[in-house]
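First up is the structure itself, then whatever we jot down about it.
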Amino acid sequence: MTEAVVVGAGPNGLAAAITLAQHGCGVTVLESAATIGGGTRTSELTVPGLLHDDCSAVHPTALASPFLRSLDLQRHGLEWCWPEVDLAHPLDSGSAGVLLRSLDDTAAGLGVDGPGWRRLFGPLSASYDDLVSELFQPVLHLPRHLVALARFGPNAVQPATLLAQRWLTGEARALFAGVAAHAFHPLRRPMTSAIGLMLTAAGHAYGWPVARGGSQSITNAMAALLVELGGTIKTGVRVESYQEVAHADVVMLDTAPGAAADLLGDRLPKRVAKAYRRYRHGPGAFKLDLAVEGGVPWRSEACRKAGTVHLGGGIDEIAAAEHDIYAGRMPKRPFVLVGQQYLADPSRSVGDVHPVWAYAHVPAGYTGDATELIIDQIERFAPGVRDRIVEKFVRSTTELEKYNANYVGGDIATGANDLIQVAMRPRIALDPYRTGVPGVYLCSAATPPGAGVHGMCGHNAARSAMRALR
Ligand SMILES: Cc1cc2nc3c(=O)[nH]c(=O)nc-3n(C[C@H](O)[C@H](O)[C@H](O)COP(=O)(O)OP(=O)(O)OC[C@H]3O[C@@H](n4cnc5c(N)ncnc54)[C@H](O)[C@@H]3O)c2cc1C
């Protein structure tokens, strides 16, 4: 029997493990933390009983993932919940850009920009599964869905600020800019529309759901399936050197490229070692979890119903803030993402005290305290929120990296989404999962298709390993 060891129990490590186990391999997963899940965990961070997502919160890419969908994780307790409003983006005027699963209702809410929104996102969301099957694999492959790619490509290569010029209202422009800012990259640069288009179209195709009981339910369900397939998971085991796993026929590394280079040392071919050492990490995140009595008193009604709220004002302000953090400067008004998962999943609250998840985009390795800047941004659109906060829990960029070694300098996307790395990561190669050491593969979000909870990096890496074994 082929023996495989997977280093790291994030969603990609678990996806690699499941794929290998499905193909008859004996699989052991080694995780350094005390619990599995990597960036997909849930804890009581503030008030006892209040369930906070430590990292990932909202999961359009999990629903869209062909691999995760094939697993029937509902059998292992995973249940999706949708908020009434998927995403709201409030402006100082009191109005808000609103993304709903229904394309018609979203277009109706965007007034004069409704027809333009529908023209762009109608075809993309209608052929979303075709698009995903192309984009959730390495860029160098034989495409099968040329129509879907032809609809996506010419728009995706544009800077988000340029693409947004097709809309007239501040609401539509800000709505798109906030989604494009998930790229953690200056919005005036080419290709920054790609992630905005993908996540917005995912909203219309699948919505922006959360997992009942917290994101941990996703990785718990994956772990339960792995054990059912005969796999073993050991937590509290940090792999420090390749020698510890060298007995295995296949080794999967759910790590950042730099950590893989450290683990593999001189075994790594020189050109690969050089590429892994030069791999570029993006800006950081500063995470703030709040326990809020009575919820956030948003001025905009849409925000009071939204699972996700993007804060940063209009498109120009967001573009300037994203430019600053990329250049290493902390803006006074950073781009902030707020999650109100409890609206879709009330089981996370205790009485009228609710868990509110937030993070700001900050420069890589930012050493300051962004807590008050985040609360200021929320207060700007929800006057009085400060008085309702009963408890806080903070994770700076340094603490995020301590929490999970893959988040180098607080880079929660495990790699900068610059022009080259958004298409080719972690290096330019026909098979980006191979490390060049026989039997050893990189399977983290540093490989295609990149960050997000979808398991496709791990699944693709495991398929690459299976091809080599044949
Ligand atoms: C604050 C935050 C918010 C996010 N929000 C979202 C969101 O809303 N939606 C979404 O889809 N995604 C979100 N993400 C991104 C998502 O969590 C990641 O892209 C995803 O978890 C990547 O999965 P992975 O398996 O590649 O790595 P990870 O989840 O990072 O897992 C890697 C695992 O490997 C372990 N490990 C590393 N090195 C070793 C070693 N040497 N030995 C043993 N174990 C090791 C780590 O401890 C960790 O458990 C967010 C991330 C953060 C931090």
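The values are calculated or read from the model by the stated rules, or taken from the named source; none is laboratory data. These numbers were taken from a predicted model, which means no experiment stands behind them. Here Cβ is always computed from backbone atoms with ideal geometry, including for glycine, and neighbour counts include all displayed protein chains. Please note that ligands, DNA and RNA were not included when accessible areas were found on the heavy atoms of the full protein model with its side chains. Shrake-Rupley method; radii C 1.70, N 1.55, O 1.52, S 1.80 Å.
Checking every residue in the range 419-434 against the condition of being β-branched (Val, Ile, Thr), closer than 23 Å to His182 by Cβ and open to solvent by less than 30 Å² (accessible area, probe 1.4 Å) gives zero matches.
So that you can scan it fast, the table gives a plain yes or no per residue for (1) closer than 21 Å to Val362 by Cα; (2) in a helix (DSSP H, G or I):
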position: Phe152; (1), (2): no, yes
position: Asn155; (1), (2): no, yes
position: Gln158; (1), (2): no, no
position: Leu162; (1), (2): no, yes
position: Ala172; (1), (2): no, yes
position: Phe176; (1), (2): yes, yes
position: His185; (1), (2): yes, no
position: Gly196; (1), (2): yes, yes
position: Gly203; (1), (2): no, yes
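Quick grid of which residues meet (1) β-branched (Val, Ile, Thr); (2) surrounded by 21 or more Cβ atoms within 10 Å (Cβ to Cβ):
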{"position": "Pro346", "(1), (2)": "no, no"}
{"position": "Pro363", "(1), (2)": "no, yes"}
{"position": "Val408", "(1), (2)": "yes, yes"}
{"position": "Val453", "(1), (2)": "yes, yes"}
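For the range 57-79, a tally of residues being touching a strand residue (DSSP E or B) at 6+ places or on another chain (Cβ under 9 Å) and either within 8 Å of the ligand (Cβ to nearest atom) or of a type in the set (Asp, Glu) (or both) returns 6. Within the set of pairs 6 or more residues apart or between chains, which connect a residue that is over 20 Å from Arg427 (Cβ atoms) and aliphatic (A, V, I, L, M) inside the range 443-470 to a residue that is within 15 Å of the ligand (Cβ to nearest atom) and in a loop (DSSP other than H, G, I, E, B) with Cβ atoms less than 7 Å apart? That search, which allows pairs on different chains as well, returns Val453/Thr40; Val453/Ser56; Val453/His59. Filtering the range 454-462 for residues that are farther than 20 Å from Glu134 by Cβ and outside any helix (DSSP H, G or I) leaves an empty set. Tallying residues that are surrounded by fewer than 22 Cβ atoms within 10 Å (Cβ to Cβ) and either out of contact with any Asp or Glu (no Cβ under 8 Å at 6 or more places or on another chain) or not small (Gly, Ala, Ser) (or both) within the range 207-222 yields 2.
A search for C-beta distances below 8 Å between a residue of the range 16-39 that is within 11 Å of the ligand (Cβ to nearest atom) and any residue that is among the hydroxyl-bearing types (Ser, Thr, Tyr) and open to solvent by less than 10 Å² (accessible area, probe 1.4 Å), counting only pairs 6+ apart in sequence or on different chains, returns Ile36/Thr219; Gly37/Ser215; Gly37/Thr219; Gly38/Thr219. Among the numbered conditions (1) more than 25 Å from His310 (Cβ to Cβ); (2) free of Cβ contacts under 8 Å to residues at least 40 places away in the same chain; (3) outside any loop (DSSP other than H, G, I, E, B), the only one that Asp129 does not meet is (2). Each residue in the range 435-447 was checked for being open to solvent by 10 Å² or more (accessible area, probe 1.4 Å) and either within 12 Å of the ligand (Cβ to nearest atom) or assigned to a strand (DSSP E or B) (or both), and 2 pass. Can you report the number of residues in the range 88-108 which are open to solvent by less than 10 Å² (accessible area, probe 1.4 Å) and assigned to a helix (DSSP H, G or I)? So the answer is 2. All of (1) of a type in the set (Gly, Ala, Ser); (2) free of Cβ contacts under 8 Å to residues at least 40 places away in the same chain; (3) away from the ligand (no atom under 12 Å from the Cβ) hold for Ala364 with one exception: (2).
Regarding the range 271-278, can at least one residue be identified that is within 16 Å of the ligand (Cβ to nearest atom), more than 21 Å from Ala33 (Cα to Cα) and assigned by TED's automatic domain parsing to the domain that holds Val422? Yes: the range 271-278 contains one or more residues that are within 16 Å of the ligand (Cβ to nearest atom), more than 21 Å from Ala33 (Cα to Cα) and assigned by TED's automatic domain parsing to the domain that holds Val422. The residues listed here are Met252, Met222; of these, the one that is within 13 Å of the ligand (Cβ to nearest atom) and outside the structural domain of Tyr441 (by TED's automatic domain parsing) is Met222. Residue count for the range 44-70 satisfying the condition of being within 20 Å of the chain's Cα centre (by Cα) and touching a residue at least 60 places away in the same chain (Cβ under 8 Å): 18.
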